[in-house]
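Please treat every number below as a calculation from the coordinates, not as lab data. None of these values were measured; they are calculated from a predicted model. Positions of Cβ are generated from backbone atoms using ideal geometry, with glycine treated the same way; all protein chains shown enter the neighbour counts.
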């Protein structure tokens, strides 16, 4: 049974390349275009990991992660922030929201898969 | 220069006018009493001259000041005329620029998504092809020699099985050889039997000869030897019968001996053929195994090369995946620029409306504007561009931070 990962990014090309990388490694992928859309995907389905952008319209990634962590079913779902932002302040925000890793774009597929394999829920 | 000369002419006229007044006063005073009022007339003339000069100077200064204000007003008017319509132009051109940028951004994004889809398809097909190749070649090469080792193990096992088969064949030949030796021994026995049959025949001849002599002696004995003659006759018949039997034994032994010799000859011929067949089989098997080894080696090299090329293509696709992410950075830069243009458009619209209502239009705080602009940057390139150290290269080092 393949594990499922939620990708949240307003950039269609990023959703595409992240999905391509993960599907190639045998993961199932669900995607959302922003934080609000991602919240609607938290409908009780089993998610083994979430990869989220930070700067998005409607609801940014930090707010989404905070909101997600209030839901008991997804409280312990690991989150990787994937963003062009690299400032320490933003990273602290991500960490405080509950993210487990911070990946700066552009990402290397091998490094992304390595981070995923380290954090994904069994 | 022309304005200054005009001012001087006007001042000079004022001075002449005042001086004239002074001199006129002096003359009027002089005629009624030329002697008494001469001093006062002179004083009035001098005062008129001084007052005219002072007044002319003030007029000249006032005119110069007025000229300066006129020039300044003229410059302001020119500037206002120069900027006239700029805010309206910005109000109309900024949304157009915004839409043009958005069109370019969305077209780039659409193309990049299509491109990513194509590369994803290539990646998956390559994976499928490599998987199929691995399974069809029985893991000839798994990239670290393991598959090749498996095939060589299989080859060695086949060689062992064939060697075991050859050993079985050799054992069969050995058994045949032993059987041949036994047959040769039987052949020797048949000779003995033949000799023994010859002895029987010779013994029968001797017995027949003795019986014949006994019959002769019985005939000499007359009536008394008649019974003995009957016995001698019977003995002779028996000896004849024994002789015939001996001959038959000899004949049969000869037949058997001939058959045995034939069988030995055939067995020896077959043994030679088997030995040759065994040698030929060993050489043939070794040859087949060598051909198989060569084929496996060649196939393994091809599989390794295929594997290598496949990995190279996969790495290239990985590089493409990294490069495709530039669109996200471009999109963010364009979105941020479009947002700032929209902000400028809003401010200009608000100021125009204030101006239309006759309200005071506040000046734009450029420093505050730039500070707010820089606070919305998300990439290093944007900061570099803001500082004027323009860079076109996106960050290329992937950074992963675990919390």
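Over the C-alpha atoms of the range A:1-58, the Rg to Rh ratio, Rh being the Kirkwood estimate, stands at 0.95. Note on A:15-27: average number of Cβ atoms from other chains within 10 Å of each residue's Cβ is 5.
A full extension of the chain between residue B:297 and residue B:256 corresponds to an added length of 8.8 nm, given 0.36 nm per residue minus the alpha carbon distance. Taking 7 Å steps out from each Cα toward its Cβ at residue B:122 and residue B:159 produces label points 4.3 nm apart. The share of alpha-carbon pairs in chain A lying farther apart than 18 Å comes to 44%. Label sites at residue B:108 and residue B:271, each approximated as a point 7 angstrom past Cα along Cα to Cβ, lie 9.3 nm apart. Look at the stretch B:318-327: the mean tally of other chain Cβ atoms within 10 Å of its residues' Cβ atoms is 5.
Partner chain Cβ atoms within 10 Å, averaged over the residues of A:94-107 - can you pull that number for me?
Details: counts 2, 2, 1, 0, 1, 3, 3, 4, 5, 5, 8, 12, 13, 6.
For peptide A:94-107, the averaged partner shielding equals 5.
The label point for residue B:92 and the one for residue A:46, both projected 7 Å from the Cα toward the Cβ, are 6.3 nm apart. Prolate is the label for the range B:93-136. Its Cα gyration tensor axes, ordered a ≥ b ≥ c, give a/c of at least 1.5 and a/b above b/c. Packing around the peptides B:257-264, A:12-19, taken as the average count of other Cβ atoms within 10 Å per residue, puts them in this order, highest first: A:12-19, B:257-264.
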